[in-house]
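Here is the structure we will look at.
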Amino acid sequence: MKTDVTGSSMRTKRLRFAAILLLGAAIAGTASAATDPVAQVKSLGQASLLLKDGGRDRIAYQADTPRVPASTMKLLTAYAALETWGRDYRFHTDVYRDGSDWLWVKGYADPYLVSEELDRLVAGLQAKGIRSVAGIGLDDSFFSPDVEIAGRSTSDNPYDAPVTALAANFNTLNLVRKGDQIRSAEPQTPLTATARRFGLSGGQGKQRVNLREREIALRYFGELLGAKLKGAGVRVGESIRVGRVPSGAKRIYRHTNSRTLAEMIRPMLKYSSNFVANALFLRLADPQAKGQVSMAGAQRAMAQFAKHRFGWRDVRIDDGAGLSRANRISARQLVAVLDAFTPYRDLMPTQDGDPDVRAKTGTLRGVSCYAGYVRRHGAWEPFALLINQPVDYGLRRRVASSLAH
């Protein structure tokens with residue numbers, strides 16, 4: 001019997017050629033995943049991506065899977081605040097005087113009582129004829145005393161500042177230490193006794209730290225306000241008290257912040273201020289500031305807002321800044337927020353080096369998120385990227401830039 005060597009050889013060559021083609025395709029696919037940011041995302045197990053284009057899904061990868069959103073949660077908080085109060089809303093702080101000539105300040109979660117704003121408050125008091133006060137009383141009872149921000153750690157970093165209903169400079173200190181000499185790093189912020197103690201407990205050079213606890217934060221507010229009053233020529237007693245405004249005290253001044261809500265939210269999104277976001281989150285539990293709010297009440301209020309506006313039943317909202325890893329939201333839900341956020345898109349930060357991307361980052365250990373808008377064919381389209389596993393820090397920006405085409 002004659003063996004068909006030629007036929008066998010041809011089949012072998014075809015098999016080898018097919019194998020080479022498959023290997024080439026695999027190599028090309030690997031190369032594509034390495035160079036194409038979207039392909040990289042689609043190779044990840046714990047990631048979601050949704051891009052809308054003209055109201056339809058353009059790219060959708062695990063878009064309905066709930067994930068930890070990190071600071072992209074601030075988009076929901078910002079939207080709820082803007083829809084509740086409007087862009088031009090201004091927060092207020094009330095000042096009272098009691099029968100013993102004490103000045104009492106009651107806070108309602110104004111997140112932007114910075115040093116310059118306290119100067120305006122002092123000027124307002126002077127215009128009311130205040131020339132001396134026996135002491136300063138501080139009332140932050142608008143927040144329940146057991147308020148604790150979910151996900152907040154005990155670090156000294158500014159992003160871990162305590163959230164109080166009455167707070168100066170986001171409950172942070174900006175100091176410089178040289179040897180045993182401490183000075184304020186801000187010309188508009190006098191050095192107080194509490195600030196000096198913090199400075200001496202820290203290292204040499206510039207320090208940016210938070211005030212750690214409610215009691216310390218309130219004490220510092222009183223010290224700073226006292227220094228501002230003295231600097232304006234008002235005589236101030238040395239005592240500071242924390243408690244409720246006495247029942248017989250008379251309101252002498254209502255300070256309205258010079259910044260609108262929109263002017264607060266723009267930097268909140270750009271610099272990802274946890275303090276501002278969670279102050280808004282808590283205040284939203286009582287928009288008219290008529291009672292007292294708790295963290296549980298704020299969580300319920302935001303869940304109700306989300307259910308009413310978006311019909312959500314499965315979202316998990318633990319805090320308003322995205323600090324908590326218990327937060328859960330899907331890419332599709334974030335895009336729904338962005339669709340609704342369109343009238344406020346001008347408040348979104350622009351990506352460095354790419355004006356065709358306006359988006360908010362979200363970062364925790366092992367979490368890298370990005371959500372906002374990309375400009376495609378002259379139109380702004382919403383996208384959300386949620387990655388819940390370690391990846392290259394710059395991947396999310398590369399993804400967004402690749403979508404803007």
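The values are calculated or read from the model by the stated rules, or taken from the named source; none is laboratory data. A quick note: this is a predicted structure, and the numbers were derived from the prediction, not measured. Cβ coordinates were reconstructed from backbone atoms using ideal geometry, including for glycine residues, and neighbour counts include every protein chain displayed.
Below are the figures for this structure:
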quantity: Condition met for LEU200 (buried (at least 21 other Cβ atoms within 10 Å of the Cβ), more than 17 Å from the chain's Cα centre (by Cα), more than 15 Å from GLY222 (Cβ to Cβ) and modelled with pLDDT of 95 or more); calculated: no
quantity: When residues of the range 289-325 are limited to those that are among the basic types (Lys, Arg) and without any contact (Cβ under 8 Å) to a residue 24 or more places away in the chain, the one nearest to ALA109 (Cα to Cα); calculated: LYS290
quantity: Restricting the range 134-161 to residues that are in contact with a helix residue (DSSP H, G or I) (Cβ under 9 Å, 6 or more places away or on another chain) and of a type in the set (A, V, I, L, M, F, W, C), the residue that is surrounded by the fewest Cβ atoms within 10 Å (Cβ to Cβ); calculated: ALA150
quantity: Only listed residue being surrounded by fewer than 22 Cβ atoms within 10 Å (Cβ to Cβ) and on the phi < 0 side of the Ramachandran plot, chosen from GLY320, GLY291, GLY311; calculated: GLY291
quantity: Selection count, the range 338-368, where residues are closer than 25 Å to GLU263 by Cβ, within 15 Å of the chain's Cα centre (by Cα) and part of a strand (DSSP E or B); calculated: 5
quantity: Residue within the range 338-347 that is closer than 30 Å to VAL245 by Cβ, touching a residue at least 24 places away in the same chain (Cβ under 8 Å) and of a type in the set (Gly, Ala, Ser) present; calculated: no
quantity: Filter result for LEU364 (in contact (Cβ under 8 Å) with a residue 60 or more places away in the chain and under 30 Å from PRO158 (Cα atoms)); calculated: yes
quantity: Residues that are surrounded by fewer than 24 Cβ atoms within 10 Å (Cβ to Cβ) and either not hydroxyl-bearing (Ser, Thr, Tyr) or not assigned by TED's automatic domain parsing to the domain that holds TYR271 (or both), drawn from the range 358-380; calculated: ARG358, LEU364, ARG365, GLY366, VAL367, ARG375, ARG376, HIS377, GLY378, ALA379, TRP380
quantity: Filtered residues of the range 89-104 (kept if crowded, with 17+ Cβ neighbours inside 10 Å and of a type outside the set (Ser, Thr, Tyr)); calculated: PHE91, ASP94, VAL95, ARG97, ASP98, TRP102, LEU103, TRP104
quantity: Some residue of the range 141-148 being under 18 Å from ILE216 (Cα atoms), assigned to a loop (DSSP other than H, G, I, E, B) and of a type in the set (S, T, N, Q); calculated: yes
quantity: Count of the range 227-250 residues which are among the hydroxyl-bearing types (Ser, Thr, Tyr) and part of a strand (DSSP E or B); calculated: 1
quantity: Residue identified as more than 30 Å from ASN388 (Cα to Cα), surrounded by 23 or more Cβ atoms within 10 Å (Cβ to Cβ), in contact with a strand residue (DSSP E or B) (Cβ under 8 Å, 6 or more places away or on another chain) and polar (S, T, N, Q) among THR72, THR164; calculated: THR164
